[in-house]
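Encoded as structure tokens, the structure appears first; notes follow it.
The values are calculated or read from the model by the stated rules, or taken from the named source; none is laboratory data. All of these numbers come straight from a predicted model, not from anything done at the bench. Every residue, glycine among them, receives a Cβ derived from its backbone with ideal geometry; neighbour counts consider all protein chains shown.
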Amino acid sequence: MPRVNTRASQSDRVAPLDDVSKAIIEQLQQDGRRSYAAIGKVVGLSEAAVRQRVQRLTDNGVIQVVAVTDPMQLGFARQAMIGVCVNGALGPVADQLAKIDAIDYVVITAGSYDILVEAVCENDADLLDLISEKVRTIEGVTSTETFMYLELRKQTYSWGVR
């Protein structure tokens, strides 16, 4: 199912979303392949107006329409969440982690870990290499804890808009 990412930070948003933009986002969360004409019928805009709105939402980082894949089906047998503890500034470490191809999710957190990252690897050897040769060698990283995924029970991106 295509994913519509609405996780733009508050500082990325120029202005609050109006009801029409929220309705467009909801339509895309239900089906990221829905045509602009079909969305326009629901929200009361022309196809061209919907296209412009979607482009503006995309350009402003409010949404990202992508195909969500099953990593197992693509040959990536190992997924894991890695908790990272940092000594010093978190931003530079998070930025370095975000540059690593095998990492698809980076979030600065409050709690036991300073940063959480999700990794998708072909196998255990690649995960070990990622942790020991890439993550732990970043300046400021003091420790990591790895949570290997055994089974995915739920993954959704249609939480709506407020």
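Tabulated data for the structure shown
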read-out	value
The range 71-86, residues that are aliphatic (A, V, I, L, M) and touching a residue at least 40 places away in the same chain (Cβ under 8 Å)	ALA77, ALA80, MET81, ILE82, VAL84, VAL86
Residue in the range 147-162 that is closer than 30 Å to ASP18 by Cβ, among the polar types (S, T, N, Q), touching a residue at least 24 places away in the same chain (Cβ under 8 Å) and surrounded by fewer than 16 Cβ atoms within 10 Å (Cβ to Cβ) present	yes
Wholly enclosed strands (runs of 3 or more DSSP E) of the range 86-162 bearing at least 3 residues within 18 Å of MET72 (Cα to Cα)	103-108, 115-121
LEU57 being over 18 Å from the mean Cα position of the chain (by Cα), more than 27 Å from GLU151 (Cα to Cα) and surrounded by 15 or more Cβ atoms within 10 Å (Cβ to Cβ)	no
Any pair with Cβ under 7 angstrom, 6 or more apart, that starts in the range 58-70 at a residue that is under 20 Å from ALA119 (Cβ atoms) and ends at one that is of a type in the set (Lys, Arg)	VAL66/ARG3; VAL68/ARG3
Unique residue being surrounded by 12 or more Cβ atoms within 10 Å (Cβ to Cβ), β-branched (Val, Ile, Thr), within 26 Å of CYS121 (Cα to Cα) and at pLDDT 95 or above when the list is VAL4, VAL84, VAL50, VAL65	VAL84
Hits in the range 112-162 - residues which are on the phi > 0 side of the Ramachandran plot and either at pLDDT below 95 or touching a Lys or Arg at 6+ places or on another chain (Cβ under 6 Å) (or both)	GLY160
Search result, residues across the range 17-48 that are of a type in the set (S, T, N, Q) and over 26 Å from the mean Cα position of the chain (by Cα)	SER46
Which numbered condition TYR113 fails, given (1) over 17 Å from the mean Cα position of the chain (by Cα); (2) crowded, with 18+ Cβ neighbours inside 10 Å; (3) in contact (Cβ under 8 Å) with a residue 40 or more places away in the chain	(3)
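Per-residue answers, yes or no, for (1) over 23 Å from PRO16 (Cα atoms); (2) in contact with a Ser or Thr (Cβ under 9 Å, 6 or more places away or on another chain):
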position	(1), (2)
SER46	no, no
ALA49	no, no
THR58	no, no
VAL62	no, yes
GLN73	yes, no
ASN87	yes, yes
LYS99	yes, no
